[in-house]
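Comments concern the structure below.
Here, each number is a calculation from the coordinates, and none is a lab measurement. Being a predicted model, the structure only gives us computed values, none of them experimental. Methodologically, a virtual Cβ is constructed for each residue, glycine included, from the backbone with ideal geometry; neighbour enumeration extends over all protein chains shown.
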Amino acid sequence: MPLTDPSARHFSDEEISDHIYTMIVAGNETSATQLAHACLLLAMHPEVQAKAYEEVAGLVFSPDQEITIELMKDLHYVECVLKEAMRLMPVAPIVGRQNLAEIMLDGHRIPKGSVFLFHFYALHRRKDVWGATADEFDPDRFLGGDGGERHPYAHLPFSGGPRGCIGYRYAMMSLKTLLAQILRSYELTTNLRYEDIRYQYQISLNLAFPHAVQLRRRN
């Protein structure tokens, strides 16, 4: 099936290869940054870190045990930690889109070729969506799944819809694996305080200072 065929219902081998390459390259820095953010937040909240470690320790019995996909499916709280870290510190805080045709949006005519900027950082901290604790780190808010009664597009660390991140599942699985590996082997500490976090906006959301997380090997 040619790449230029708009009616194609399946990806060609070349398209599949290109998408895999995109996921690996584009997910390199973003996944590393998101993992660093999650580790910092856990170091700042030892009670949350202890709960995540207990889940990992209950499933992973020794440092040499292989972490499998089936094992990852049972790390529900670790996944909540990652989702909450992505909510508060999304590595892609702003995403742009351009409409290819004129549309009506909430009663307003939007001309073709308009540029939209979606501010996910602001969306993820809206108190009318996330409640009075929207600015606080609380992974428990995801224990019911992706948000229960919240709007399905309230949490968009990977954007959403047909133009959402193609590497979403790969990123979540790799982040869960890496975070579980870190938690089962190390205790995370830091002298930084959550209220002192300052951000630097580049292509991705970074801290304005080093993460300064110390790793202490567990017995």
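Enter the per residue convex hull volume of the stretch 166-219, computed from alpha-carbon coordinates, in Å³ rounded to the nearest integer.
100 Å³
Could you tell me what a quarter of the Cα convex hull surface of the stretch 98-179 works out to, in nm² with one decimal place?
7.2 nm²
If the viscosity is 1.306 mPa s and the temperature 10 °C, what Stokes-Einstein diffusion coefficient in µm²/s follows for the stretch 136-201 when Rh is the Kirkwood radius over Cα pairs?
Diffusion coefficient, whole number: 105 µm²/s.
Pulled fully out, how much extra length does the chain show between residue 104 and residue 150, if you take 0.36 nm times their separation in residues and subtract their Cα-Cα distance?
14.1 nm
Need one number: nm distance between label points at residue 216 and residue 114, each 7 Å from Cα along Cα→Cβ, rounded to one decimal.
Calculated label separation equals 5.5 nm.
Specify whether the C-alpha gyration tensor of the stretch 42-165 places it in the rounded, prolate or oblate class, a ≥ b ≥ c being the square roots of the eigenvalues: rounded for a/c under 1.5, otherwise prolate if a/b is larger than b/c and oblate if not.
prolate
Go through 134-141, 98-105 and give me the packing order, highest mean Cβ count within 10 Å leading.
Output ranking for 134-141, 98-105: 134-141, 98-105.
What is the Cα convex hull volume of the chain when expressed per residue in Å³?
Measuring per residue, one finds 164 Å³ for the Cα hull of the chain.
Using only Cα atoms, figure out Rg for the stretch 63-114 and give it as a multiple of 2.2 N^0.38 Å.
Taking N as the residue count of the stretch 63-114, the ratio is 2.05.
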